[in-house]
Amino acid sequence: MAIRLSRRKIASYIASRLLSVKDDTAVLQELAGYLIDSKRTNELELIVRDIEYELQNRGVVLARVTSATDLTKATEEAVAKLVQDHSGASKVYLQQFIDTDLIGGLRVDLPGHRLDATVARRLATLRANYKK
């Protein structure tokens, strides 16, 4: 039976391990095994978010970039620079998602922050202001 650890302790441990090993698969398997053994798989999303915060505190940021189309290399570099400048991170990883409902523009999600510069968001804002 596994000892019950707080989500913060789990996040701190996993972040340390992810930053110190080359093969992160073993670290993720260890986390999965612990969560299954301690019957805490329902907390996975929260623990992942805690790990992202812990990594951000250590200078590594995972940014989720959502756009209507694939990003060009230049756009990826510009977004990575923007995220790095905003967060002060030494290393930025971009995870790209495609959502054609956005019409155009970008949405960048960081732990605790969101930049929404999508056409869909601008249209929604115009609609809301027009109704007033």
Legend entry - Residues of the stretch 89-118 satisfying the condition of being outside any strand (DSSP E or B) and either touching a Pro at 6+ places or on another chain (Cβ under 8 Å) or within 23 Å of residue 49 (Cα to Cα) (or both): 89, 90, 99, 111, 112
Legend entry - Residue within the stretch 53-65 that is assigned to a helix (DSSP H, G or I), touching a Pro at 6+ places or on another chain (Cβ under 7 Å) and closer than 26 Å to residue 106 by Cβ present: yes
Inset, instruction - Give the residues of the stretch 1-25 that are surrounded by 11 or more Cβ atoms within 10 Å (Cβ to Cβ) and among the hydrophobic types (A, V, I, L, M, F, W, C), sorted by residue number. - result: 2, 5, 10, 11, 14, 15, 18, 19, 21
Legend entry - Test result for residue 49, assigned by TED's automatic domain parsing to the domain that holds residue 100 and of a type outside the set (Phe, Trp, Tyr): no
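Residue by residue, here is whether (1) touching a residue at least 40 places away in the same chain (Cβ under 8 Å); (2) over 18 Å from the mean Cα position of the chain (by Cα) holds:
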| position | (1), (2) |
| --- | --- |
| 10 | yes, no |
| 21 | no, yes |
| 47 | yes, no |
| 56 | yes, no |
| 81 | no, no |
| 85 | no, no |
Inset, instruction - Residues being farther than 21 Å from residue 120 by Cβ and free of Cβ contacts under 8 Å to residues at least 24 places away in the same chain: count how many of those fall in the stretch 58-75. - result: 2
Inset, instruction - Evaluate the stretch 55-77: report whether one residue or more is of a type in the set (Gly, Ala, Ser), loosely packed, with under 14 Cβ neighbours inside 10 Å and over 27 Å from residue 28 (Cβ atoms). - result: yes
Inset, instruction - Could you grab me the full set of residues in the stretch 99-115 that are farther than 27 Å from residue 15 by Cβ and either of a type in the set (Lys, Arg) or surrounded by 12 or more Cβ atoms within 10 Å (Cβ to Cβ) (or both)? - result: 99, 102, 103, 104, 105
Inset, instruction - Go through the residues of the stretch 61-71 one by one and say whether even a single one is farther than 26 Å from residue 18 by Cβ and of a type in the set (Ser, Thr, Tyr). - result: yes
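The values are calculated or read from the model by the stated rules, or taken from the named source; none is laboratory data. What you see is a predicted model; the values in this text were computed from it and never measured. Backbone-built Cβ (ideal geometry, glycine too); neighbour counts: all protein chains shown.
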